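I have placed the structure first, in the form of structure tokens, so that the comments after it can refer back to it.
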């Protein structure tokens, strides 16, 4: 299966140790997400493979599967684990019924969120190898 890349454009705001910080205008997909916390623009760190300088208008590539898989892992995994372990904790404390296991449910949900957070951190370290990469400097 061939990996697909998404190409984006932005302006370099800093370059350090072969990594450029690129300011990117938000897209339609960003309007409903808000995960990056940026009101109008997001900032991306991309490998500088072309010698970009501050102020350059650049094109960079992002592996498409990273965006989809990253969204799934960051949002769905912790919530699913909290739900499943919360129900399990409630069942254990409640003797087979969820209604009597409030404290066990809370403990199970907290453990699920902690495990989910660990998975997100692990994925984040692993995804760093698939960092966006600048592929060209565009003319103004």
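The values are calculated or read from the model by the stated rules, or taken from the named source; none is laboratory data. Values in this document were obtained by computation on a predicted structure and should not be read as measured data. Backbone-built Cβ (ideal geometry, glycine too); neighbour counts: all protein chains shown.
Scanning segment 90-140 for residues that are in a loop (DSSP other than H, G, I, E, B), crowded, with 16+ Cβ neighbours inside 10 Å and more than 27 Å from the chain's Cα centre (by Cα) yields a count of 2. Annotation: of all residues in segment 11-36 being on the phi > 0 side of the Ramachandran plot and modelled with pLDDT of 55 or more, the one that is surrounded by the fewest Cβ atoms within 10 Å (Cβ to Cβ) is 17.
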